[in-house]
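K.L.:
Supplied in structure tokens, the structure appears directly below.
The values are calculated or read from the model by the stated rules, or taken from the named source; none is laboratory data. Nothing here was measured: the structure is a model prediction, and the numbers come from that model. FYI the Cβ positions are ideal-geometry reconstructions off the backbone, even for glycines, and counts take in every protein chain you see. Calculation scope for accessible area: heavy atoms of the full protein, side chains included, ligands and nucleic acids excluded. Shrake-Rupley method; radii C 1.70, N 1.55, O 1.52, S 1.80 Å.
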Amino acid sequence: MLYQLSEEHLAVQQAAREFAQQQLLPGVVERDNTMTYPTEQVRGMADLGFLGMMVDPAYNGGGMDTLSYVLAVEELSKVDNSCSVIVSVNNSLVCSGLEKYGNEAQKQKYLPKLASGEWIGAFCLSEPEAGSDATSQRTTAVDMGDHYILNGTKNWITNGGSSSVHLVMAQTDADKGHKGINCLIVEASWEGVTIGAKEDKLGIRSSDTTTIMYNDVRVPKENRIGEDGFGFTFAMKVLSGGRIGIAAQALGIAAGALELATNYAKEREAFGKPIAQHQAIAFKLADMATEVEAARLLVYQAAQAKDRGLNYDTLSSMAKLYASKVAMTQTVEAVQIHGGYGFVKEYHVERLMRDAKITQIYEGTSEVQKIVLSRALLKGELYPPMAMTSHVEHA
Ligand code: CAA
């Protein structure tokens, strides 16, 4: 597929690139070191419409397509992945989930504030003992007639302390397994909601990742998304879209590392010439560029499949699986090209290397993506069946 970007796409890409260079780059190292939440930068992204890019303008959104969103996340991620994950979770897990599966009253109440960035949202699925095994929810939502009583603990929640609205998956009827799970819209200010301390992380250090405890929280039934028992399907469907955002983040990290490594290799001299003139480095850069472009094709393809109304479950898993692997390998190579300078915090590549790791973990680990992909492949959902078998048939 040869992707073609429209004038609108190019404008979004340019706006995100400029914002990242002008507003995110200054201070990104300091925020990372001190784990300082990027309050001002989030406000700037909200002003540019980056927090509700795909939401219908009727709810204060930007009305853009998924490819525009991907282009913005890619550019932001070249510089500051704490900011790009805030954008990604708010857009694709929270706003898109509410817009697609929420009822009109829920959309009217929550979307305008979330899409404009006045409020930030969090997606609360993972638990201390339910990460990849997401059907094993221990958080409970007991049905009390007109409301639920919510109890439980959610772990590693992006935007945990900075969000005003949580989409919380909880088990209502354990006998029904994953078909007894509901998704409830919970406001952070409600009685019984407690936010844990900010996690001290390897990467995306200034983003706000916390545990959230729910203790006898009264949630009105009107805040349940979809029919009774729709919560797990909701989480899976929403994560398929979310994975495109994280794939775009991984792509941005890899592309950023390539750009930094290329510039450095042209400037840095060793053995009498720029290191880019040594084949060992030049070939590394060639491999990196090829892999970044392959990741870009997968990510843009998944976004365009979503925009065209096609099934994108496996395409988003492939995009995330591959782009996150490329982000990891490319940032390691970029550090290697920088040599000793790559190992110190005054150079951006070490931060990108640390940030890359989480793209192989959150919104479904690489192993989870392989579960999704291998199951689809084995069920014959990926490719049309061939007549050819492994065994050679002699005429
Ligand atoms: N759309 C709709 N339904 C889906 C679906 C999809 N994409 N994927 C699965 N389902 C349905 C299945 O059809 C099945 O329903 P039926 O029983 O009716 O057929 C049901 O969900 C259960 O699916 P499985 O039988 O496949 O369940 P499983 O336990 O074997 O495996 C899994 C499921 C793919 C491993 C899933 O649990 C999963 O994706 N786990 C990872 C969870 C995850 O991504 N967590 C990230 C946390 S969020 C986060 O990181 C946010 C953040 O803050 C950054």
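K.L.:
Compute the projected area of the convex hull of the Cα atoms of the chain, averaged over all viewing directions, and report it in nm² to one decimal place.
P.N.:
Mean projected area of the Cα convex hull: 23.2 nm².
K.L.:
Once phi is turned into θ = phi - 60°, what whole-Hz ³J(HN,Hα) does the Karplus curve with 6.51, -1.76 and 1.60 give for every residue of segment 348-356, x standing for Gly and Pro?
P.N.:
Values, residue by residue: 6, 5, 5, 5, 4, 5, 5, 5, 4 Hz.
K.L.:
Along the charge dipole of the chain, which of Gln277, Tyr214, Gly231 sits closest to the positive end, that is, farthest toward it, with unit charges on the beta carbon of Lys, Arg, Asp and Glu (+1, +1, -1, -1)?
P.N.:
Of Gln277, Tyr214, Gly231, it is Gln277.
K.L.:
Spin-label point model (7 Å from Cα, Cβ direction): what's the Glu267 to Glu393 distance in nm?
P.N.:
It works out to 6.3 nm between the two label points.
K.L.:
Looking only at Cα atoms, what is the convex hull volume of segment 235-388 per residue, in Å³?
P.N.:
Considering the Cα atoms of segment 235-388, their hull volume per residue is 125 Å³.
K.L.:
When we measure straight from the Cα of Lys100, which lysines land under 25 angstrom away, once same-chain ones fewer than 8 places off are left out?
P.N.:
Lys109, Lys113, Lys154, Lys176, Lys179, Lys221, Lys237, Lys306, Lys320
K.L.:
Using a 1.4 angstrom probe on the protein heavy atoms only, line up Asp313, Asp208 by accessible area, largest first.
P.N.:
Order by accessible area, largest first: Asp313, Asp208.
K.L.:
If you don't mind, there's one more thing I want to ask. Show me the ranking of peptides 119-128, 228-237 by mean Cβ neighbours inside 10 Å, starting with the highest.
P.N.:
Ranked from most to least packed, the peptides come out as 119-128, 228-237.
K.L.:
Read phi for every residue in segment 235-240 and hand back ³J(HN,Hα) as whole Hz from Karplus 6.51 cos²θ - 1.76 cosθ + 1.60, θ = phi - 60°, with x for Gly and Pro.
P.N.:
After applying 6.51 cos²θ - 1.76 cosθ + 1.60, I find 4, 5, 5, 5, 5, 4 Hz.
K.L.:
Here's another thing I want to ask about it. Using the eigenvalues of the Cα gyration tensor, what equivalent ellipsoid semi-axes result for segment 122-231 when each is taken as the square root of five times the eigenvalue, whole Å, largest first?
P.N.:
Details: eigenvalues 108, 48, 22 Å².
Sorted largest first and rounded, they come to 23, 16, 11 Å.
K.L.:
Once phi is turned into ³J(HN,Hα) by the Karplus curve 6.51 cos²θ - 1.76 cosθ + 1.60 with θ = phi - 60°, what whole-Hz value does each residue of segment 367-380 show in order, with x for glycine and proline?
P.N.:
5, 5, 4, 5, 4, 4, 6, 5, 4, 5, 4, 5, 7, x
K.L.:
Sequence-distant or interchain residues sharing an amide H contact under 5 Å with Tyr148, placed H: which?
P.N.:
Residues meeting the amide H criterion: Val219, Lys221.
K.L.:
After finding the eigenvalues of the alpha carbon gyration tensor for segment 45-106, what semi-axes result from the square roots of 5 times each, listed largest first in whole Å?
P.N.:
21, 11, 9
K.L.:
For segment 57-105, with only Lys/Arg (+1) and Asp/Glu (-1) charged at the beta-carbon, what is the dipole magnitude about the Cα centre, in debye rounded to 20?
P.N.:
Numbers: 2 positive and 6 negative charges, 14 e Å.
In total the dipole reaches around 60 debye.
K.L.:
Comparing Thr34, Thr359, Thr331, which has the greatest mean-square fluctuation in the GNM of the chain with Cα pairs linked when under 10 Å apart?
P.N.:
Thr34
K.L.:
Something else: If you consider only alpha-carbon coordinates, what radius of gyration and Dmax does segment 312-382 have, in Å?
P.N.:
15.3, 49
K.L.:
Determine the calculated [θ] at 222 nm for the chain from helices alone, applying -39500 (n - 2.57) to every DSSP H run no shorter than 4 residues and normalising by the residue count; nearest 500 deg cm²/dmol.
P.N.:
-15500 deg cm²/dmol
K.L.:
Evaluate E = 1/(1 + (r/R0)^6) for Glu222 and Glu367, where r is the Cβ-Cβ distance and R0 equals 30 Å; express this FRET efficiency to the nearest 0.05.
P.N.:
About 0.20, to the nearest 0.05.
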